[in-house]
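Shown next, in structure tokens, is the structure this report addresses.
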Amino acid sequence: MSQATNLNFATKCIHTGNDIDKETGAIRRPLIMANSYRLPEDASAMNWSDPNQLIYTRTTSANQIYLQEKLAALEEGEECVVLASGVAALAGVFFSFLDQDAHVICSNVSYIAVYRLLHEYFPDKYNIQTSLVDTSDIQEIKKALQPNTRLIHIETPGNPTTRVSDIAEIGRIAKSVGALLSVDSTFASPFLQKPLSLGADLVIHSLTKYINGHGDAMGGAIIGRRELIDKVKRQAMVNLGGVISPFNAWLIMRGVVTLPLRMKQHSENALKVASFLEAHPSVAFVAYPGLKSHPQHEIAKRQMAMFSGVLAFGLIADAETHNKFINALQLIVPAVSIGHDESLIVYTGPNDERNGFYPEEFKNGHIRFSVGLEAAEDIIRDLQQAFTACGL
């Protein structure tokens, strides 16, 4: 189903990219695990690297095309490219739009792969300059601008700080200097935040997280104007080989169907959990955009429909007690990633290589908590028994 312009978001999640299978009559498009596709009778004039024609799965696959159609509709963008992981999507943006000697501004606390790509690898290999700034502070962005600034890349909400950056205002700044604005909106999902409508040029998702939602498939996506996405397809998909597998694309298509329901539950649960933690005497701080105490709460209210399911907090305790607390949990799972159906939690100590960029309250170590879909009362009960077990 391709005509999705006037459909409600929840309806798009179910119908866009899906259709009746012509061969079997199945009402759900099948998984097509093929490496190659039948060529036309005269292939002499073909572009063998065409990322929009079914030739070879490294250039695109049927299941990838279906998923791209769905995600472009959800983000209200012209085009989408789906890649093998969120990191492949991020690297694809940087590789495609940052030429030698370019300058990029990036959120100073971001996903670790972004930090390494822009802080280490791209400067060393291509002499690309990177300014790492707190992008929730508009003045810091303005001060970091240079004549060769080509890209401003932000995470909002940020990982793991939950900092919220003003997409609309940063979009205006980027346009004023001829730079692109890319937004990693993984923590929000398309249901809670629409960066393109706020002025971003590109929106990036780790599909592994909320969009898939089941903790069983990896993928990444970039959505934006057709000319920008076509460039990523040519450079970062076809010729770097970061294509998604058909099976993962099929799994993620399945996961998207329940995205609105899941994001509502994640957000409602997280607000209850964050409020519980903020009131606990052994908690040093809680960072969650839905709390009035969050520094960017008003911006989050303006640009997000709800506040998603990720929060961060710290205990009034040493590293050993933080670890003891994590290991005392019985329902909540100590594991990396976010956006699964089950609650996931991870403690990062003060030796993190990005520690100098963290807000002050994070620097003695912090806990990132991806609040799942369990009953909020059960999640809170598990936290309470862990506090008791640790004498907190």
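The values are calculated or read from the model by the stated rules, or taken from the named source; none is laboratory data. These numbers come from a predicted model, not from an experiment. Backbone-built Cβ (ideal geometry, glycine too); neighbour counts: all protein chains shown.
The table below gives the values:
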item	result
Residues located in the range 118-140, provided they are in a helix (DSSP H, G or I) and either surrounded by fewer than 21 Cβ atoms within 10 Å (Cβ to Cβ) or touching a helix residue (DSSP H, G or I) at 6+ places or on another chain (Cβ under 6 Å) (or both)	His119, Glu120, Tyr121, Pro123, Asp124, Lys125, Tyr126, Ile138, Gln139, Glu140
Hey, Leu151 at pLDDT 95 or above, outside any helix (DSSP H, G or I) and in contact with a Gly (Cβ under 6 Å, 6 or more places away or on another chain) or not	no
Residues located in the range 292-332, provided they are under 21 Å from the mean Cα position of the chain (by Cα) and either at pLDDT below 95 or aliphatic (A, V, I, L, M) (or both)	Ile299, Ala300, Met304, Ala305, Met306, Val310, Leu311, Ala312
Condition check for Gln100: part of a loop (DSSP other than H, G, I, E, B), surrounded by fewer than 18 Cβ atoms within 10 Å (Cβ to Cβ) and either in the same structural domain as Ser206 (by TED's automatic domain parsing) or of a type in the set (Gly, Ala, Ser) (or both)	yes
Residue selected from the range 288-316 under the condition of a type in the set (Gly, Ala, Ser) and at negative phi, by the criterion surrounded by the most Cβ atoms within 10 Å (Cβ to Cβ)	Gly309
Spans of strands (runs of 3 or more DSSP E) in the range 178-279 with at least 2 residues free of Cβ contacts under 8 Å to residues at least 60 places away in the same chain and more than 30 Å from Gln385 (Cβ to Cβ)	180-184
Restricting the range 365-389 to residues that are in contact with a strand residue (DSSP E or B) (Cβ under 8 Å, 6 or more places away or on another chain) and touching a residue at least 60 places away in the same chain (Cβ under 8 Å), the residue that is surrounded by the fewest Cβ atoms within 10 Å (Cβ to Cβ)	Arg368
Subset tally (residues that are buried (at least 24 other Cβ atoms within 10 Å of the Cβ) and charged (D, E, K, R)) for the range 210-243	1
Hey, Asn159 within 16 Å of Tyr288 (Cβ to Cβ), surrounded by fewer than 24 Cβ atoms within 10 Å (Cβ to Cβ) and polar (S, T, N, Q) or not	yes
